[in-house]
1. Of all residues in region 17-40, which are in contact with a strand residue (DSSP E or B) (Cβ under 9 Å, 6 or more places away or on another chain) and closer than 27 Å to A126 by Cα?
2. Out of (1) assigned to a loop (DSSP other than H, G, I, E, B); (2) in contact with a strand residue (DSSP E or B) (Cβ under 9 Å, 6 or more places away or on another chain); (3) closer than 28 Å to R132 by Cβ, the odd one out for C43 is which?
3. State whether the residues of region 29-41 include one that is among the hydroxyl-bearing types (S, T, Y) and open to solvent by 70 Å² or more (accessible area, probe 1.4 Å).
4. Considering every residue within region 1-20, establish whether at least one is open to solvent by less than 40 Å² (accessible area, probe 1.4 Å) and in contact (Cβ under 8 Å) with a residue 60 or more places away in the chain.
5. Of the residues that make up region 86-99, is at least one hydroxyl-bearing (S, T, Y), surrounded by 13 or more Cβ atoms within 10 Å (Cβ to Cβ), under 27 Å from L122 (Cα atoms) and modelled with pLDDT of 85 or more?
6. Can you say whether N101 is touching a helix residue (DSSP H, G or I) at 6+ places or on another chain (Cβ under 7 Å) and among the polar types (S, T, N, Q), as far as the supplied structure shows?
7. For region 8-45, what are the residues that are at pLDDT 80 or above and among the aliphatic types (A, V, I, L, M)?
8. Where residues in region 50-85 are outside any loop (DSSP other than H, G, I, E, B), among the small types (G, A, S) and out of contact with any Ser or Thr (no Cβ under 9 Å at 6 or more places or on another chain), which of them is modelled with the lowest pLDDT?
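The values are calculated or read from the model by the stated rules, or taken from the named source; none is laboratory data. Just so it is clear, the structure is predicted and the values come from calculations on it, not from any experiment. Here the Cβ positions follow ideal geometry from the backbone for every residue, glycine too, while neighbour counts run over all protein chains shown. Remember, those area values only see protein heavy atoms, side chains included, never the ligands or the DNA or RNA. Shrake-Rupley method; radii C 1.70, N 1.55, O 1.52, S 1.80 Å.
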Amino acid sequence: MSHRHYCDFAGHDWQCSGDCECICGLPMEGHDHSECPVELRACPEHAAEQQRSIAEALSSEPDPALAQRWRERPSCECGCGEAELNSVVGWCLHCDHVYVNYSPEIENRHFADDCPGAPEELKKSARDRLVRH
């Protein structure tokens, strides 16, 4: 069974091979992934180009305005700031939250209860998903 990814480098959907593991950590085969987010992953055609682009970006000086906006993100209220860097598996784009474990339920709980920067519509949909499950 294959599932959908989104190539965040070139901006298109793509299907992976059948032995891929979902972002939730479960194999695609035999599990319901209807609530799982679409995984952002460069497609095989663009993966090498994305890696070169990342290496180039890491070797250059950061844009000071972008770095300042990143530092000014709202602070998460869950206590994730104490997480060790080597245990972080993801982060929130709306605040400074980091995930040391990830599942759709953990993400929904973050948006519903702890994320000060998430839009109200996102907070509401996360609360609705928590109630359904």
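1. C20, E21, C22, I23, P27, M28, V38, E39, L40
2. Tallying (1) assigned to a loop (DSSP other than H, G, I, E, B); (2) in contact with a strand residue (DSSP E or B) (Cβ under 9 Å, 6 or more places away or on another chain); (3) closer than 28 Å to R132 by Cβ, C43 fails exactly one: (3).
3. The answer is yes; a qualifying residue exists.
4. no
5. yes
6. The answer is no for N101.
7. A10, L26, L40, A42
8. By that ranking, first place goes to A67.
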